[in-house]
């Protein structure tokens, strides 16, 4: 796991490199693939803000995220694959494109493509805004 602030030669915080963002993105998707709540939470700050099309607003803080993940992992089968990463040039964070196979309770599955926009603090995700088209999931209900 990437930990600690990214420091450049002047002692100031530096933006995450593309390689570091790939490493972090793969780590995050691996945690989600394992559907391990604590492993997943380990990728985020304690005061995280998370949002995706299914949350109906922000999830704020580790306790709220833990509750969300327990419900989500209890129902959904998900397999995530990293497609591309794009580090932000002016702040620590970036975007990563992913593809996921999602199914419910071991039934039919669909492929969904999306993007995470993440802001980082000390090598952990402080804010994650996830975007994908929910209409593909309608086939599962």
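The values are calculated or read from the model by the stated rules, or taken from the named source; none is laboratory data. All values derive from a computational prediction rather than experimental measurement. Cβ sites come from the backbone with ideal geometry, for glycine too, and all protein chains shown count toward neighbours.
Brief remarks follow.
- Checking the stretch 119-138 against the condition returns a match, with at least one residue being in contact with a strand residue (DSSP E or B) (Cβ under 7 Å, 6 or more places away or on another chain), without any contact (Cβ under 8 Å) to a residue 60 or more places away in the chain and within 22 Å of residue 39 (Cβ to Cβ).
- Selection over the stretch 57-78 of residues that are touching a residue at least 24 places away in the same chain (Cβ under 8 Å) and over 15 Å from the mean Cα position of the chain (by Cα) gives a count of 4.
- Hey, residue 81 at pLDDT below 90 and within 16 Å of the chain's Cα centre (by Cα) or not: no
- All positions within the stretch 31-56 that are free of Cβ contacts under 8 Å to residues at least 40 places away in the same chain, within 19 Å of residue 83 (Cα to Cα) and surrounded by fewer than 18 Cβ atoms within 10 Å (Cβ to Cβ): 34
- Residue in the stretch 85-92 that is buried (at least 16 other Cβ atoms within 10 Å of the Cβ), more than 20 Å from residue 22 (Cα to Cα) and over 12 Å from the mean Cα position of the chain (by Cα) present: no
- Of all residues in the stretch 84-111 being assigned to a strand (DSSP E or B) and over 20 Å from residue 125 (Cβ atoms), the one that is modelled with the lowest pLDDT: 104
- Output for the stretch 20-47, where each listed residue is assigned to a strand (DSSP E or B) and touching a strand residue (DSSP E or B) at 6+ places or on another chain (Cβ under 6 Å): 44, 45
- Residue check for residue 69: surrounded by 14 or more Cβ atoms within 10 Å (Cβ to Cβ), within 21 Å of residue 132 (Cβ to Cβ) and at pLDDT 95 or above: yes
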